[in-house]
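For reference, the structure is listed below as structure tokens.
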Amino acid sequence: MPAEAETSGHDIVVVGASAGGVEALGEMVSELPGDLAAAVFVVLHISASGTSVLPAILGRRGEVPAAHAEDEEPIEHGRIYVAPPDHHLFLQPGVVRVIRGPKENGYRPAIDPLFRSAAHSFGPRVVGVVLSGALDDGTAGLAVIKMRGGATLVQDPQDALYPAMPSSAIEFVGPDRVLRASELADAIVEFAAEPVVDVVPDMPIDQMLEEEVFIQIDRGSSDQPQNGVPSGFTCPECGGGLWESDEGGLPRYRCRTGHGYSIETLLSEQSGNVDAGMRAALRALEERAALTRRMAVRFRARGRRNTAERFERQANAAVEQAIVIRRALEELVPELELAPEPAGQLQ
């Protein structure tokens with residue numbers, strides 16, 4: 001049965017951002033009061049090998065102190081917890097979890113694990129915020145927050161440097177409010193002061209189990225297939241089979257290793273793999289054409305006419321195949337800059 005939750009306010013604020021997110025985060029936190037009656041958790045897509053200075057940036061922009069989150073530290077109001085590089089930020093009742101785990105949507109940290117775990121652990125106490133970014137990370141997680149009775153905020157796409165993430169959240173979730181980054185702080189303060197007395201909808205069993213499996217994977221103790229049904233597709237990260245399930249009313253794909261994808265991210269990753277494969281094939285064919293052409297010249301100089309002609313035929317075939325792949329690449333990625341087609345090669 002659903003459980004009734006009574007708290008003083010929406011005191012768990014989870015924020016997801018990607019490209020253009022530093023600017024949006026800075027504008028938002030600059031308006032937050034130092035005595036904020038909520039804890040703020042931030043995931044920004046960053047390079048796994050990079051050094052994050054985001055806590056310093058946010059600390060300078062506003063009154064709420066910011067720092068990288070540490071595993072199993074307590075949750076306190078009036079603080080900003082930032083996901084460190086190459087680690088997911090994950091919430092459990094009363095504590096923060098900082099774990100590596102498998103990548104989601106090609107990222108670690110990723111937004112959906114934070115949103116999903118917050119919804120699971122805190123239900124209607126959660127405020128989910130989606131800021132500027134590409135593709136759709138955060139949409140499914142925001143939908144789960146809404147399903148569990150939490151509040152949902154999205155940056156106005158016209159105010160975002162990269163509108164895809166906010167636009168996706170608006171289309172599929174229908175957030176409570178769509179605001180400029182500078183206006184989001186007032187909404188967060190308002191929700192933090194608003195009493196939460198509500199029925200907490202039950203979390204789907206498969207999603208509740210997924211949270212525990214996520215931590216088990218990080219500890220190296222899970223070898224289970226994922227929830228859902230086999231999709232027939234393969235994981236772009238590791239090549240394993242993907243299972244399709246439902247998350248917040250949206251299709252979700254996850255492999256045995258735990259890599260997770262939304263539909264937009266899966267399409268993007270597959271397109272990237274096709275592009276990379278075609279580039280590699282083009283490069284190999286052009287090198288083959290150059291090598292066989294060189295051999296033809298050498299054997300012709302030695303009087304080996306038949307051998308030279310055989311190498312010339314191989315060179316011509318490689319050039320023809322390369323031209324086909326080049327033109328397909330140009331159609332797949334119109335803005336692609338390739339070296340000019342080899343001229344005068346066919347004999």
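The solvent-accessible area of ARG177, taken with every protein chain present and a 1.4 Å probe, is close to 70 Å². If you take all other residues with their beta carbon under 15 Å from the beta carbon of PRO65, and give Lys and Arg +1 and Asp and Glu -1, the sum is -2.
The Cβ shell under 13 Å around VAL53 holds other residues with a net charge of +2, Lys and Arg each +1, Asp and Glu each -1.
For the range 27-180, the equivalent ellipsoid derived from the Cα gyration tensor has semi-axes of 20, 18, 17 Å, listed largest first. Shape of the range 36-117 from its Cα gyration tensor (a ≥ b ≥ c, root eigenvalues): rounded if a/c is under 1.5, otherwise prolate when a/b > b/c, or oblate? Taking the square roots of the gyration eigenvalues as a ≥ b ≥ c, the range 36-117 is oblate. Taking every alpha-carbon pair under 8 Å whose residues sit at least 6 apart, the range 101-195 reaches a relative contact order of 26 percent. Between the alpha-carbon centres of the range 8-87 and the range 230-268 there is a gap of 28 Å.
The values are calculated or read from the model by the stated rules, or taken from the named source; none is laboratory data. The structure displayed is predicted, hence computed values, not measured ones. Virtual Cβ from ideal backbone geometry, glycine too; neighbours counted across all protein chains shown. Heavy atoms of the whole protein, side chains included, go into the accessibility calculation; ligands, DNA and RNA do not. Shrake-Rupley method; radii C 1.70, N 1.55, O 1.52, S 1.80 Å.
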